[in-house]
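Worksheet: one structure, shown below.
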Amino acid sequence: MADADKGVRVRGLTRRFRHNTVLDRLDLNLAPGQFVALLGRSGSGKTTLLRTLAGLDATPDDARVIVPTPTAVVFQEPRLLPWKSIWRNVALGLHGAQPRQRAQAALREVGLERHLDAWPATLSGGEAQRAALARALVRAPGLLLLDEPFAALDALTRIRMQALVVDLWRAHAPTTLLVTHDVDEAILLADRALVLADGRIVADITIDLPRPRSHAHPGFAALRARLLSELGVAVPTLEAA
Amino acid sequence: MSQSVSLPAAGLAVRPTRPWPQLRLAPLRRFATPLLLVGLWQAGSMLGVIPARTLAAPSTIAVSAWGLMASGALGHHLAVSLGRVSIGLGLGVLTGTVLGLIAGLSRLGEDIVDAPLQMIRTLPFLGLVPLFILWFGIGEVPKIALVALGTSFPIYLNLFAGIRGIDGKLVEAARVFGLDRRGLTWHVILPGALPAGLVGLRTSLSVAWLSLVIAEQINADAGIGYLINDARDFLRTDIIVVGLVIYALLGLAADALVRALERRALAWRPALLAGAR
């Protein structure tokens, strides 16, 4: 399952739950260091694919899944252990010397250095999610999996978190897969957007807008319309001024 | 508009009727009824309404308590009782914890341990006293065994439920970050089950005193229970009440101990964090 230089490689991944085929002979390549958004309607198998890449679900015998290691996940909820201080949460499962110093460095990057010894219950939703991001970063992941990490945040916090994720991705360059249902978020953050439907990838769209990105860029609306139509959402064609 | 004027006026009208607002009586109010009852009890005893062989007067009880303390008898009996409770509770907590961990941490353990324990649990354990006397005689062993048996169940049941009630999402996250089975147990499952385990400990403590009271009625020659039984033979209601008060104080002290333990071990809990502010 390991080869850090080769990015993600999936061949022939099929997953069924009872009679429902969630992933159907899916193939996927992610280049090393690439930021890829995975879009799809709910129930399209986005999370199933992410769980397989994370190693939470076993790879079926007839499929090949190669991912860079180590792998880190940020879930929709922070999932911090309430009985451990923030830095101990970040250092959870960390091997090697000076876990506190390394956790501190990661927390500094997400702007939580002041909360090193705080209990998770004292943090706001956005702060807790930043701590979860620090917990993912501290192990220098080869593959960073983000499972709708901004979905539970308020709109303003979400904008700040999105910018933070892009900054961290540019600084550390892990191969990143962002599962989201938000088309705008995909266009703002990713190099490439994949649309998952009926268990396969039905669209693979390169996003080459210059960074930092903004909704105001002329290419944005076109990409948005294209992704929405791939998702089967009818968009009223309002010509932008 | 007329309302907003009339309200403060009404407030002002009430104020002069309370001449000493500085004296804060609210915290003391809770003690008023018990004190009144003790006062009535004392008066009843002095007027002969309550005969001494029914219930001794509070003043007599206080004098007897002082006498028992001064002679060292109370200290001796208290030490014997405390010893029984400590050993019995220690054994019970140990057994309950070990069985709870075995049943909670593995399915095989659950199948082996849980079914028989759920069956035995339905027995009122105090009903086992006659059997215990036949098995263990009338020495220290049946007394300690009764306390141990009674205290192991609350620990077992709460710890087992606590382990099984851990949020699966936390376990999943910890697995992603490289924790193996041992790491999961140590960092996620045991700390997560600790609050339930401490609830079990609190229940166990109250069961421990109850078991002790029963156990000390069986042929003891020392201990608070012996003190009470011996006093019964001589119609000394004052000494019986002293014994009961000691039982109550011990129960209170044990409860305070567990509360202190909870404050330290569960400092991370939102309820405790809110209380600390």
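The values are calculated or read from the model by the stated rules, or taken from the named source; none is laboratory data. Worth saying up front: this structure is predicted, and the values here are computed from it rather than measured. Cβ sites come from the backbone with ideal geometry, for glycine too, and all protein chains shown count toward neighbours.
Details
- Some residue of the range B:158-174 being under 28 Å from the mean Cα position of the chain (by Cα) and acidic (Asp, Glu): no
- In the range B:88-126, the residues that are surrounded by fewer than 20 Cβ atoms within 10 Å (Cβ to Cβ), small (Gly, Ala, Ser) and under 21 Å from B:Val147 (Cα atoms): B:Gly90
- For the range B:188-242, taking the residues that are of a type in the set (Phe, Trp, Tyr) and assigned to a helix (DSSP H, G or I), the one that is farthest from the other protein chains (Cβ to nearest Cβ) is identified as B:Tyr226.
- Flag for B:Arg84 being charged (D, E, K, R) and either buried (at least 17 other Cβ atoms within 10 Å of the Cβ) or modelled with pLDDT of 95 or more (or both): yes
- A Cβ distance below 6 Å, combined with a sequence gap of six or more or placement on separate chains, defines the contacts here; from the range B:230-249, residues that are closer than 16 Å to B:Glu216 by Cα reach residues that are among the hydroxyl-bearing types (Ser, Thr, Tyr) and modelled with pLDDT of 90 or more in the pairs B:Ile239/B:Ser64; B:Val242/B:Ser64.
- Residue count, the range A:165-184 (criterion: touching a residue at least 60 places away in the same chain (Cβ under 8 Å) and either in the same structural domain as A:Arg108 (by TED's automatic domain parsing) or buried (at least 19 other Cβ atoms within 10 Å of the Cβ) (or both)): 9
- Any hit, the range B:163-177, residues being surrounded by fewer than 16 Cβ atoms within 10 Å (Cβ to Cβ), outside any helix (DSSP H, G or I) and in contact (Cβ under 8 Å) with a residue 12 or more places away in the chain: yes
- Restricting the range B:40-64 to residues that are part of a helix (DSSP H, G or I) and of a type in the set (Val, Ile, Thr), the residue that is surrounded by the fewest Cβ atoms within 10 Å (Cβ to Cβ): B:Val63
- Any hit, the range A:154-164, residues being crowded, with 17+ Cβ neighbours inside 10 Å and of a type in the set (S, T, N, Q): yes
- Pairs where the first residue, in the range B:21-38, is in a loop (DSSP other than H, G, I, E, B) and the second is at pLDDT below 75, C-beta under 9 Å, 6+ apart: B:Pro21/B:Arg15
- Members of the range A:61-91 found to be over 20 Å from the mean Cα position of the chain (by Cα), within 13 Å of chain B (Cβ to nearest Cβ) and among the hydrophobic types (A, V, I, L, M, F, W, C), listed by number: A:Leu81, A:Trp83, A:Ile86, A:Ala91
- Condition met for B:Leu261 (away from chain A (no Cβ under 14 Å) and over 30 Å from A:Trp119 (Cα atoms)): no
- Single unsatisfied condition, A:Ser44 versus (1) among the hydroxyl-bearing types (Ser, Thr, Tyr); (2) in a helix (DSSP H, G or I); (3) touching a residue at least 60 places away in the same chain (Cβ under 8 Å); (4) in contact with a Leu (Cβ under 7 Å, 6 or more places away or on another chain): (2)
- Condition check for A:Ala37: assigned by TED's automatic domain parsing to the domain that holds A:Thr175, in contact (Cβ under 8 Å) with a residue 40 or more places away in the chain, touching a helix residue (DSSP H, G or I) at 6+ places or on another chain (Cβ under 9 Å) and under 20 Å from A:Ala134 (Cβ atoms): no
- Set side by side, the residues A:Leu28, A:Leu56 differ, and just one is without any contact (Cβ under 8 Å) to a residue 24 or more places away in the chain, farther than 24 Å from A:Asp154 by Cα and not in a helix (DSSP H, G or I), which is A:Leu56.
- Residue match in the range B:265-273 (condition: away from chain A (no Cβ under 14 Å) and aliphatic (A, V, I, L, M)): no
- Filter result for A:Ala132 (on the phi < 0 side of the Ramachandran plot, in a loop (DSSP other than H, G, I, E, B) and outside the structural domain of A:Val183 (by TED's automatic domain parsing)): no
- Condition check for B:Thr151: under 30 Å from B:Ile214 (Cα atoms), among the hydroxyl-bearing types (Ser, Thr, Tyr) and out of contact with any strand residue (DSSP E or B) (no Cβ under 8 Å at 6 or more places or on another chain): yes
Results for (1) in contact (Cβ under 8 Å) with a residue 24 or more places away in the chain; (2) closer than 20 Å to A:Arg135 by Cα; (3) surrounded by 19 or more Cβ atoms within 10 Å (Cβ to Cβ), shown as yes or no for each residue.
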site	(1), (2), (3)
B:Gly192	yes, yes, yes
B:Leu212	yes, no, yes
B:Ala215	yes, no, yes
B:Val258	yes, no, no
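- Members of the range A:92-128 that are more than 14 Å from chain B (Cβ to nearest Cβ), part of a helix (DSSP H, G or I) and buried (at least 17 other Cβ atoms within 10 Å of the Cβ): A:Gln104, A:Leu107, A:Glu109, A:Gly126, A:Glu127
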